[in-house]
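The values are calculated or read from the model by the stated rules, or taken from the named source; none is laboratory data. Since we're looking at a predicted model, the values are computed, not measured. Note that each Cβ is placed from the backbone with ideal geometry, even for glycine, and that neighbours are counted across all protein chains shown. The protein model used for the area step is the full one, side chains on, heavy atoms only, and it has no ligands, DNA or RNA in it. Shrake-Rupley method; radii C 1.70, N 1.55, O 1.52, S 1.80 Å.
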Amino acid sequence: MHITVEVLNSADKILPEGGKLATIELPEGSTVGDAMRALGTPDTSQWNAAISGELVYADTVVSDGDSILVFTPIQGG
Amino acid sequence: MQGVAGKILRVNLTAGTTTVDTPDESFYRKYLGGAGFVSYFLLKEVPQGIDPLSPENKIIFALGPMTGLPMPGASRNCVGAKSPLTGGYAKTEVGGFWPMALKKAGYDAVIVEGKSPKPVYLFVTDKTVEIRSAEHLWGKTVMETEDTLKEETGLKNLRTCSIGIGGENMVKYACVINDLKDAAGRGGVGAVMGSKNLKSIAAFGRWNPDVADPAKIRELTLYMNQNYYDLPLFGKAMHDVGTGEHSMMMGGNEVGNMPSHNFGRNDFPETEKITATTTMETYGTGMEACAACAIRCKKTVEIGSPWNVNKRNGGPEYESLGSLGSTCGVGDLAAICKANELANLYSLDTISLGVSIAFGMECFENEILTLEDTGGIDLRFGNAEAMLQMVEAIARREGIGDLLAEGVRAASEKIGQGSDEYAIHVKGLELPMHDPRVKQGLGVVYSVEAHGADHCAGMHDTAMTQDSAGFEHMRGMGATRPLPADDLSAEKVASQKAAHLHSLFRDSATVCSFVPWTVTQQVEAIAAVTGWGYTIHEALAVAERVATLGRIFNMREGILMDKDVLPRRMFGPTPTGGLKNGGIDEDKMNNAIGLFYGMMGWDENTGVPSRWKLGELGIEWAAEEMPEAATV
């Protein structure tokens, strides 16, 4: 499967090298969490992710052609 | 007693007298400080059914046991009163330097009663307490007030907590400003201060509390100062740009958490123009801190002519960027910064201010308000000039501003014509910039919180969806496992209850939520300051007292479970964006609210605190304040 992942650059770097747009290959049945691990996300990293404008989670199964947008967890005041 | 001053200053402005209460240690241990004190004194001393703007109301400024120590996040206080905005319980927290100054003057709290016949300010030091004339300050901004008081007292390190014309004119959501830019924002406590003709409390002192274990306090402080930048959830972003950094706001916009057009939409095409990152890159002059805090999360901005924004008055937090910006459909960052500055100078809560203006805009676009009503102002979404005109009109209560100064609930009741659909509030308190359609567990807390929709009172579901170092902290308070943001299961409710209690404990200890202390560290700090054998169990009991006393205060005012409800708009989708298929399932929300009641020891069907819970918490006295018909 081809999956596109866009990580919005942030002060709290989700990826060690900061923001990133990548297309990765994953086997069928892979999850958002698998995609993040494939990009080298540290286990302690915290993120939110969306596909087509809807929040998805580490255990959300992805489909061929999905674009995942990854960003800092929505919080604060 | 260690850690605390042991003195509560009581000021009667009608009589022009000041006295000192000296509660015993058991009182301090039971109610701790901050929100604990506020909840106790409001229920004990404010009579049922009074006009919140009458002399019978009281306003309480309460510190915590760590306040006054050079620890990150400890220079904070809670302000409470019967709210002129909601008619119920109000408590709101704030940082800055003033809390430390009040502690160093030798007091743990100030209770202000009555009403002065003329404008006054309170001068509190470790040597004197004086009620002084403020006739020369009435009508002045917060900044002018502080500058004048520093000059006339000759104390350059004098700290003030003041109101501007918003408070003087009793705008129902006027706030109290610590120093120049930190707001005890919510519920209209500034209007209560104005109703008493109290312009400012100016504090100064050199008294230092005795601490049981200073080495432990030094150890905790050193740990935070050395590690905050790399700790989860808060750290780098807070230090670099404060609340509202680029990735969070852009991601929020993607999934429906960027309130726009009065929550009628939840995606805002101009979001990138108004993020905190853009703010700092465009107009930022630096980051400032509350007393002794290394995190320095307070952005400052400066803009030249024609805006003339003075960096001394701070810069917009995320809530202000959203409320004065996207919620009004405004993407003009300079206008937002100016509105934020005016709100600080005039002492207006930016959340209620922005949502009230947005309410007016939606009424205007739907021809419920006309050009005649607005005095010729084209009050459409996206009109930055109109937004700024409204800030001035509301602060001065001029024209349509007088109506919008009442808050959206009262304004919609007066306007009628179906405008209640556009009144976005819980119990009269306007919604913050976190949409409960996205963060549904937080929606439970918005519903049940005695104060109304308070974004600091619970867990932001989006930050607790992963098993991570951040979530590990939540486990210590009773959360079980990460769950999706829209989950409303019993397990989610349990996590929200734990987070709610943590927030109320934090508000009683008056510790900042932006400093990433674990709850264990917070408990250790209280033990180190006071010498008590303090535990998490004891901390959470304080929080339960706050929640339960606040609920009983509301019940006494006739605010019952039918007011534990989100605005209708939250149960439907938005036309576009991440919530186009969204909207909260009402049955699930109602079920979750019932579960929350039950987990709090309140009746699952009525929300009435049970006698066994009052007994368990040692607040059986509060049963006498409950309406007889409501007793379970």
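Some points to look at:
- Selection within region B:461-500 - polar (S, T, N, Q) and under 23 Å from the mean Cα position of the chain (by Cα): B:Thr462, B:Ser495, B:Gln496
- The lone exception for B:Asp454 - which of (1) assigned to a helix (DSSP H, G or I); (2) buried (at least 24 other Cβ atoms within 10 Å of the Cβ) it fails: (1)
- Subset of region B:308-340 that is in contact with a strand residue (DSSP E or B) (Cβ under 7 Å, 6 or more places away or on another chain) and either of a type in the set (Asp, Glu) or assigned to a helix (DSSP H, G or I) (or both) - its residue that is most open to solvent (accessible area, probe 1.4 Å): B:Lys311
- Region B:11-112 holds strands (runs of 3 or more DSSP E) entirely within its bounds, and those carrying 2 or more residues that are open to solvent by less than 40 Å² (accessible area, probe 1.4 Å) and among the hydrophobic types (A, V, I, L, M, F, W, C) map to B:59-63, B:77-82, B:89-94.
- Verdict on B:Glu586 being touching a residue at least 40 places away in the same chain (Cβ under 8 Å) and open to solvent by 20 Å² or more (accessible area, probe 1.4 Å): no
- Subset of region B:238-270 (residues that are in a helix (DSSP H, G or I), open to solvent by 20 Å² or more (accessible area, probe 1.4 Å) and more than 7 Å from chain A (Cβ to nearest Cβ)): B:His239, B:Asn253
- Residue within region B:341-348 that is of a type outside the set (Lys, Arg), part of a loop (DSSP other than H, G, I, E, B) and in contact (Cβ under 8 Å) with a residue 12 or more places away in the chain present: yes
- Residues satisfying the stated conditions in region B:136-162, i.e. over 19 Å from B:Cys337 (Cα atoms) and in contact with a strand residue (DSSP E or B) (Cβ under 6 Å, 6 or more places away or on another chain): B:Leu137, B:Thr145, B:Glu146, B:Leu149, B:Leu155, B:Leu158, B:Arg159, B:Thr160, B:Cys161, B:Ser162
- Once region A:39-53 is narrowed to residues that are more than 7 Å from chain B (Cβ to nearest Cβ) and closer than 23 Å to B:Asp486 by Cβ, the residue that is farthest from the chain's Cα centre (by Cα) is A:Ser52.
- So B:Gly360, is it assigned to a loop (DSSP other than H, G, I, E, B) and either under 20 Å from B:Leu321 (Cα atoms) or open to solvent by less than 40 Å² (accessible area, probe 1.4 Å) (or both): no
- Here region B:442-460 is the region considered, the condition is being closer than 13 Å to A:Ile74 by Cβ and at pLDDT 95 or above, and the residue that is nearest to the other protein chains (Cβ to nearest Cβ) is B:His455.
Residues are listed down the side, and each one gets a yes or a no for (1) outside the structural domain of B:Asn590 (by TED's automatic domain parsing); (2) part of a loop (DSSP other than H, G, I, E, B); (3) surrounded by 24 or more Cβ atoms within 10 Å (Cβ to Cβ):
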position: B:Pro484; (1), (2), (3): no, yes, no
position: B:Lys497; (1), (2), (3): no, no, yes
position: B:His502; (1), (2), (3): no, no, yes
position: B:Ser513; (1), (2), (3): no, yes, no
position: B:Tyr534; (1), (2), (3): no, yes, no
position: B:Glu544; (1), (2), (3): no, no, no
position: B:Arg551; (1), (2), (3): no, no, yes
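Here's the yes/no breakdown for (1) without any contact (Cβ under 8 Å) to a residue 24 or more places away in the chain; (2) within 14 Å of chain A (Cβ to nearest Cβ); (3) at positive phi; (4) in contact with a strand residue (DSSP E or B) (Cβ under 6 Å, 6 or more places away or on another chain):
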position: B:Lys199; (1), (2), (3), (4): no, no, no, yes
position: B:Ala203; (1), (2), (3), (4): no, no, no, yes
position: B:Ala212; (1), (2), (3), (4): no, no, no, no
position: B:Ile217; (1), (2), (3), (4): no, no, no, no
position: B:Thr221; (1), (2), (3), (4): no, no, no, no
position: B:Met224; (1), (2), (3), (4): no, no, no, no
position: B:Lys236; (1), (2), (3), (4): yes, yes, no, no
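- Qualifying residue in region B:409-427 (condition: touching a residue at least 12 places away in the same chain (Cβ under 8 Å), closer than 25 Å to B:Ala35 by Cβ, outside the structural domain of B:Cys512 (by TED's automatic domain parsing) and assigned to a helix (DSSP H, G or I)): yes
- Pairing residues of region A:65-77 that are within 7 Å of chain B (Cβ to nearest Cβ) with residues that are hydrophobic (A, V, I, L, M, F, W, C), at Cβ distances under 6 Å and at least 6 apart in sequence or on separate chains, gives A:Leu69/A:Ala50; A:Phe71/A:Leu8; A:Thr72/B:Met248; A:Pro73/B:Ala463; A:Ile74/B:Met248; A:Gln75/B:Ala463; A:Gly77/B:Cys456.
- Those residues of region B:561-588 which are within 17 Å of B:Ser260 (Cα to Cα) and assigned to a helix (DSSP H, G or I), in sequence order: B:Arg568, B:Arg569, B:Met570, B:Phe571, B:Gly577, B:Gly578, B:Leu579
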